[in-house]
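Just so it is clear, none of the values below were taken in a lab; they were calculated from the coordinates. Remember, it's a predicted structure, so these values are computed and weren't measured experimentally. Neighbour counts are summed over all protein chains in view; Cβ atoms, including those assigned to glycine, are modelled from backbone coordinates with ideal geometry.
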Amino acid sequence: MKIEKSAKIGFCHGVRRAIESLEKVARERGEIESLGEVVHNELVMRRLTQKGVMVTRSVDDIRGKSVVLSAHGATPEVMDEIKSRKIEIIDTTCPFVQRAQSAARKLAEADYFVIIFGDPDHAEVKGILGWAYGKGIATTDDTKIASLTDLPRRIGFLSQTTQIPSRYLQFIKKSLDKVYTRDSEIQIIDTICHDIRDRQIAALEVAKRVDLMLVIGGKNSANTRHLAELCGTAVETHQVISADDLDLSWFIGKDRIGITTGSSTADETVDEVIKRLEKIAKSK
């Protein structure tokens, strides 16, 4: 059995930056609170908890004098509430998420209605939408756009940073049929993360060469899920959190196994999966 790793694997720059910042603060202070999970990866969060990171679910739950904002960012309202309580903010928001937040703010300030292509329940998307100051909507369903009444003449499109580019383009094409009217002003901004885009391209190239694809990442990780969906268009694909999730039945008759990861998957998790695969190969 041959194992092929994707060229883009492990932590992305934004996640690595967030984790390193959090570990540094935890070392210096003994412990630190995080508003929500810094990254959507169960194994990484378990390791951070062991190093003194405590996850709080709301501003009301913060007990200390400092709090870390996750790589997914936060709304301006949440940030203002934290500041009003004289709590120090340690901001680990991913630079690409910050770029999307800035784009939403600028569009809203220019009197554009902001349409975000993304999961409305995801922390990142909630944060980006917050920077539109109530002048927007987040959805992946273009039919919802048609149901909006009294749409303004100016409309701007953004994307959740981890979405698949081709799906964003399809969403825009379908939505334009519903929002384009006389004298319309449409702005379309590419806010998809460069790392995510490159990771998707590299993963799909591997998926086209193998008999089975493994996508390693957290069960609540949007970018991991999108990777699995993309690879699934080319070959049988399974999303796993760790080596413990591997099912022997998947590998019957499979000689070439491809591996990729979400952007918040640690290298040691990848190594453990590969070791397990090597044991499976020896037993065949």
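Summary of values
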quantity	calculated
Distant-in-sequence amide H partners of residue 187 (H built 1.01 Å from N, under 5 Å)	155, 156, 157
Whether segment 133-211 is rounded, prolate or oblate, judged on the alpha carbon gyration tensor where a/c under 1.5 counts as rounded	prolate
Segment 96-188 - charge dipole about Cα centre, Lys and Arg +1 at Cβ, Asp and Glu -1, debye rounded to 20	160 debye
Cα gyration tensor shape of segment 13-93, rounded if a/c is under 1.5, else prolate or oblate by comparing a/b with b/c	prolate
Qualifying lysines (Cα of each under 18 Å from Cα of residue 86; at least 8 residues distant if same chain)	65
Of 150, 61, 255, the one that fluctuates the most in a GNM where the chain has Cα springs shorter than 10 Å	150
For the chain, calculated [θ]222 nm from helices alone, where every DSSP H run of n ≥ 4 adds -39500 (n - 2.57)	-13000 deg cm²/dmol
Set of lysines with alpha-carbon distance to residue 282 below 25 Å, sequence-local pairs under 8 removed	2, 5, 208, 254
Entries in 83/144; 8/275; 144/173; 219/275; 51/83 that, when Cα-Cα distance is taken, lie over 24 Å	83/144; 51/83
Share antiparallel - DSSP beta bridges, the chain, percent rounded to 5	0 percent
Mean Cβ neighbour count within 10 Å, used as a protection proxy, ranking 88-94, 202-208 highest first	202-208, 88-94
Assigned charges on the beta-carbon of Lys, Arg, Asp, Glu; segment 30-151 dipole about Cα centre (debye)	420 debye
The chain - charge dipole about Cα centre, Lys and Arg +1 at Cβ, Asp and Glu -1, debye rounded to 20	400 debye
Kirkwood-type radius of the chain, with distances r between different C-alpha atoms, in Å	20.2 Å
